[in-house]
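**Q** What follows is a structure written as structure tokens; I'll ask about it next.
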Amino acid sequence: MSNAAIELDPQSRGDVDRPPLLLLHALGSSLAMWDAQVAALEPYFHLVRYSLRGHGASARAGVEESDIAALAADACAVLDRLGIERAHWCGLSLGGMVAMRAAIHTPGRVDRLVLANTAAHMPPAAAWSERMALVRHGGMEPLAEPTMARWFTPAFRQRAPCEVGRIRKIFLGTDPASYAAACAAIRDLDLRAELARSGAPTLLLAGAHDAGVPPARMAEMQAAIRGARLVTLDAAHLSNIEACAEFTAALCTHLGVSP
């Protein structure tokens, strides 16, 4: 499906004369995943957020499967719509994969790069195919609790039940077919051999308790990306939420501002 056929829901905040910063969310989330960062980042950046196909208020993908190239093209189309040629890109999980692909294949669009809780390759493929079948058959509900358990540590779930509930509601609101299509994009992703082509100054943010993308896997990416720096946060998968202050501080340092 062409990018023109997908109606996305971009939100732009902050002074347009400030450096643009594009925020890309995780699979099964939405642009609202970044709410905790907005107040801290808005004084320094022209913030751009949108929800991926079939997530949040964006239209359904209308296809059985997608790929990272199409999702990266969507991101560039959002920037085009706002008249932005080049931006800092920050992506977490699936959003990080999209940002990685853009940095490698459309380097003129990417200034500085922040890749959080993400990987250039996420085997085994069979696990993603099984998840796709499950969500197509049973919707999002069967995946909700296992996903929250992966996204947050038990300690955070106990101390911040309202925030976990907010994220769970966003997850349940994701279109199952679009979620499955995005799973296919992750299943088929393998950027390992291309990482060295990325010339953008890169910060990697890992979660010390992230079972899906452990710090050791992100250290492999660090070794492949020239000059990349790795910071490990006390969090599970959604480190921007669980370790909000530390995540934001590391991002700002990498992008050259001091909040």
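The values are calculated or read from the model by the stated rules, or taken from the named source; none is laboratory data. All values reported here derive from a predicted model rather than from experimental measurement. So basically every Cβ, Gly included, is an ideal-geometry build from the backbone, and we count neighbours across all protein chains shown. Just so you know, the surface numbers come from the protein's heavy atoms only, side chains and all, with ligands and any DNA or RNA stripped out. Shrake-Rupley method; radii C 1.70, N 1.55, O 1.52, S 1.80 Å.
**Q** How charged is the neighbourhood of P214? Take every other residue with its Cβ under 15 Å from the Cβ of P214, and add Lys/Arg as +1 and Asp/Glu as -1.
**A** -1
**Q** Express in Å², to the nearest 10, the accessible area of R136 obtained by rolling a 1.4 Å probe over the protein heavy atoms while all chains stay in place.
**A** Here the residue's solvent-accessible area equals roughly 110 Å².
**Q** What distance in nm separates the two pseudo spin-label positions at A39 and A219, each 7 Å out from Cα along the beta-carbon direction?
**A** It works out to 3.6 nm between the two label points.
**Q** From zero up to wherever the largest Cα-Cα distance of the chain sits, split into 10 Å bins and tell me the percent of pairs in each.
**A** Spelled out bin by bin, the chain gives 7, 34, 40, 18, 1 percent.
**Q** Run the quick spin-label model on T253 and A196: label points 7 Å from Cα toward the beta carbon, then report their separation in nm to one decimal.
**A** It is 2.9 nm.
**Q** Residues with beta-carbon under 15 Å from that of G139, excluding G139: net charge, scoring Lys, Arg +1 and Asp, Glu -1?
**A** Spelling it out: positives minus negatives among the neighbours equals +2.
**Q** Also: Among the DSSP beta bridges whose two residues both lie in the chain, what percent are antiparallel, rounded to the nearest 5?
**A** The antiparallel proportion sits near 15 percent.
**Q** Expressed as a rounded percentage, what relative contact order does region 46-147 have, with Cα pairs under 8 Å and six or more residues apart?
**A** Values: 86 pairs, mean separation 19.3, N = 102.
19 percent.
**Q** Could you state the orientation-averaged shadow area of the convex hull built on the Cα atoms of region 197-259, in nm² to one decimal?
**A** Reported value for the Cα convex hull: 4.3 nm².
**Q** Please give the contour-minus-distance gain from V16 to A59: 0.36 nm per residue of separation, less the Cα-Cα distance, rounded to one decimal in nm.
**A** My answer for the length gained is 12.9 nm.
**Q** Cα centroid distance between region 61-125 and region 208-259, in Å?
**A** A separation of 17 Å, based on Cα centres.
**Q** Over the chain, what relative contact order in percent results from Cα pairs under 8 Å that are six or more residues apart?
**A** Dividing the mean separation by the residue count of the chain yields 22 percent.
**Q** Relative contact order of region 1-96, please, whole-number percent, based on alpha carbon pairs below 8 angstrom and at least 6 residues apart.
**A** 42
**Q** Below 10 angstrom from the Cβ of L71, what's the summed charge of the other residues (Lys, Arg +1; Asp, Glu -1)? All intermediate terms of the calculation are to be shown ahead of the outcome.
**A** Working: positive: R53, R101; negative: D67, D74.
Result for the neighbourhood of L71: 0.
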